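S.K.: Right, I'll just put the structure down here and ask away after.
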Amino acid sequence: MSDLVPPRRDDQIQYVDGGYRSAGQPPSMVGRTFPTLHFYQQFVRNVLRSSRVAKRGRYDNETWSRTSFEVLRALESVGITVEVAGTGNLQSLHSPCVFVGNHMSMLETIVLPAIVQPICDVTFVVKQSLVDYPVFRHILGSRNPIAVSRVNAREDFKVVMTQGAERLQRGISVVVFPQTTRSTSFDPSQFNSIGIKLASRCGVPVIPIALRTDAWGNGKRIKDLGPIDPSKTVHFEFGSPIDVVGRGEAQHQQVIEFIESRLASWAD
């Protein structure tokens with residue numbers, strides 16, 4: 001059987017008034033009893049299949065969005081509720097943009113394509129180690145990401161400014177997670193302004209993303225593959241486009257305030 005699955009009408013998120021919420025169907029007994037195991041069985045199959053397709057040079061935007069959506073469905077299959085809000089702010093864009101968001105877990109990198117890519121072409125600023133993963137490298141390489149070392153801040157800045165400008169000029173929006181590392185808490189002092197600077201240099205708007213994705217925990221031995229906690233709701237919310245003025249200090253603060261306010265509203 002071919003790894004490529006024909007597109008269907010139900011393999012994308014269906015938004016209502018710019019938002020989405022999981023239907024809340026109860027998980028199977030296996031999913032309820034062993035959520036982490038049941039999720040990763042589905043996730044690993046997805047990644048292996050996607051890697052085979054990518055190695056053949058056939059992992060295009062539509063396939064990326066569809067396989068990302070399958071991961072979202074896998075999360076829902078173990079009882080996780082996913083809520084998305086503010087996608088109307090993406091649909092109203094007339095240019096590419098820089099998305100700037102907080103960073104909690106592996107989940108946002110995997111699921112955001114299902115949310116954003118059907119609306120606008122997008123790529124990510126990612127750490128080089130992800131691009132070097134034996135299986136992930138074929139998938140990520142096909143998505144033309146901007147890879148940074150997270151070792152030399154000055155060099156990383158140059159890479160993001162140069163390659164980010166090139167992607168934006170081609171009409172591809174860029175997702176930036178400015179935190180120095182993933183964290184379930186949000187510390188503005190660790191949230192740099194590189195996304196604001198990129199948007200300012202290229203004359204494109206910034207769209208803030210507030211997210212809560214700690215339902216996919218960070219692992220102790222393998223950070224990207226932590227426990228799955230169905231008791232936690234996954235949240236994504238996109239703010240209104242922000243035009244960067246001058247050095248962008250006010251807009252950077254605006255992004256921080258948006259993220260802080262949404263995280264506070266989602267607190268347990």
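S.K.: With only alpha-carbon atoms counted, please give the Rg and Dmax of the range 1-148, in Å.
M.R.: 15.5, 46
S.K.: For the chain, with every protein chain kept in place, what is the accessible area per residue (1.4 Å probe, Å²)?
M.R.: Details: 12930 Å² over 268 residues.
Accessible surface, normalised per residue, equals 48 Å².
S.K.: Mind checking which of Leu72, Ser149, Cys97 is farthest towards the positive end of the chain's charge dipole, using Cβ charges of +1 (Lys, Arg) and -1 (Asp, Glu) about the Cα centre?
M.R.: Farthest towards the positive pole: Ser149.
S.K.: Something else about it: Rounded to the nearest 10 degrees, what's the angle between the helix 61-77 long axis and the longest principal axis of the chain, both from Cα atoms, 0 to 90?
M.R.: Between the helix axis and the principal axis of the chain, the angle is about 60 degrees.
S.K.: Return the FRET efficiency for the residue pair Arg201, Glu260: r is the Cβ-Cβ distance, R0 is 30 Å, and the value is rounded to the nearest 0.05. Spell out each step's value before the answer.
M.R.: Details: r = 26 Å, r/R0 = 0.86.
In this case the efficiency is close to 0.70.
S.K.: For Lys127, list the lysines whose Cα falls under 23 Å from its own Cα; do not include residues on the same chain fewer than 8 positions away.
M.R.: Within reach: Lys55, Lys158, Lys197, Lys220, Lys223.
S.K.: If you roll a 1.4 angstrom probe over the protein chains with everything in place, what fraction of the accessible area of the range 27-166 belongs to carbon and sulfur, to the nearest %?
M.R.: Values: 3250 of 5880 Å².
Ligands and nucleic acids excluded, carbon and sulfur reach 55 percent.
S.K.: Mind running the shape call on the range 7-79? Use the C-alpha gyration tensor, a ≥ b ≥ c as the square roots of the eigenvalues: rounded below 1.5 for a/c, prolate if a/b tops b/c, oblate otherwise.
M.R.: Cα axes put the range 7-79 in the oblate bin.
S.K.: Need one number: nm distance between label points at Gln128 and Arg21, each 7 Å from Cα along Cα→Cβ, rounded to one decimal.
M.R.: That separation, rounded to one decimal, is 4.5 nm.
S.K.: Work out the FRET efficiency for Ser231 and Arg170 from their Cβ-Cβ distance, taking R0 = 41 Å, and round it to the nearest 0.05. Working shown, then result.
M.R.: On the way: r = 42 Å, r/R0 = 1.02.
Result of the calculation: an efficiency of 0.50.
S.K.: Further question: Can you compute the helix-only [θ] at 222 nm over the chain? Use -39500 (n - 2.57) per DSSP H run of at least 4 residues, normalise by all residues, nearest 500 deg cm²/dmol.
M.R.: On the way: 10 runs with 114 residues, N = 268.
The helix-only estimate for the chain comes to -13000 deg cm²/dmol at 222 nm.
S.K.: What do you get when you divide the Cα radius of gyration of the chain by 2.2 N^0.38 Å, with N the number of residues?
M.R.: Numbers: Rg = 17.7 Å, N = 268, 2.2 N^0.38 = 18.4 Å.
Relative to the 2.2 N^0.38 Å estimate, the chain comes out at 0.96.
S.K.: With an 8 Å cut-off on Cα pairs and a minimum separation of 6 or more residues, tell me the relative contact order of the chain in percent.
M.R.: Working: 470 pairs, mean separation 61.5, N = 268.
Here the relative contact order equals 23 percent.
S.K.: For Val159 and Lys223, compute 0.36 nm times the residue count separating them, minus their Cα-Cα distance, and round to one decimal in nm. Write down the numbers at each step before the final one.
M.R.: Details: separation 64, 0.36 × 64 = 23.04 nm, distance 2.47 nm.
Gain on extension, Val159 to Lys223, equals 20.6 nm.
S.K.: On a 0 to 90 degree scale, rounded to 10, what angle separates helix 106-116 from the longest Cα axis of the chain?
M.R.: 80
S.K.: I would also like to ask the following. Between Val30 and Lys55, how high is the FRET efficiency from 1/(1 + (r/R0)^6) when r is the Cβ-Cβ distance and R₀ = 25 Å? Nearest 0.05.
M.R.: On the way: r = 31 Å, r/R0 = 1.24.
For R0 = 25 Å, the calculated efficiency reads 0.20.
S.K.: Sticking with this one: Take the alpha-carbon centre of the range 130-195, take the same for the range 207-224, and report the distance between them in whole Å.
M.R.: Taking the Cα centre of each part, the range 130-195 and the range 207-224 sit 16 Å apart.
S.K.: Once the range 140-180 is represented by equal point scatterers at the alpha-carbon sites, with solvent omitted, what log10 I(q)/I(0) does the Debye formula produce at q = 0.34 Å⁻¹?
M.R.: -1.27
S.K.: Of all beta bridges DSSP finds with both residues in the chain, what is the antiparallel percent, to the nearest 5? Provide the component values of the computation, followed by the final result.
M.R.: Values: 10 of 27 bridges.
Around 35 percent of the beta bridges assigned by DSSP in the chain are antiparallel ones.
The values are calculated or read from the model by the stated rules, or taken from the named source; none is laboratory data. None of the values given here were measured: they were computed from a predicted structure. Don't worry about glycine lacking a Cβ; one is built from the backbone with ideal geometry, like all the others, and counts go over all protein chains shown. Areas reflect the complete protein model, heavy atoms only, side chains present, ligands, DNA and RNA absent. Shrake-Rupley method; radii C 1.70, N 1.55, O 1.52, S 1.80 Å.
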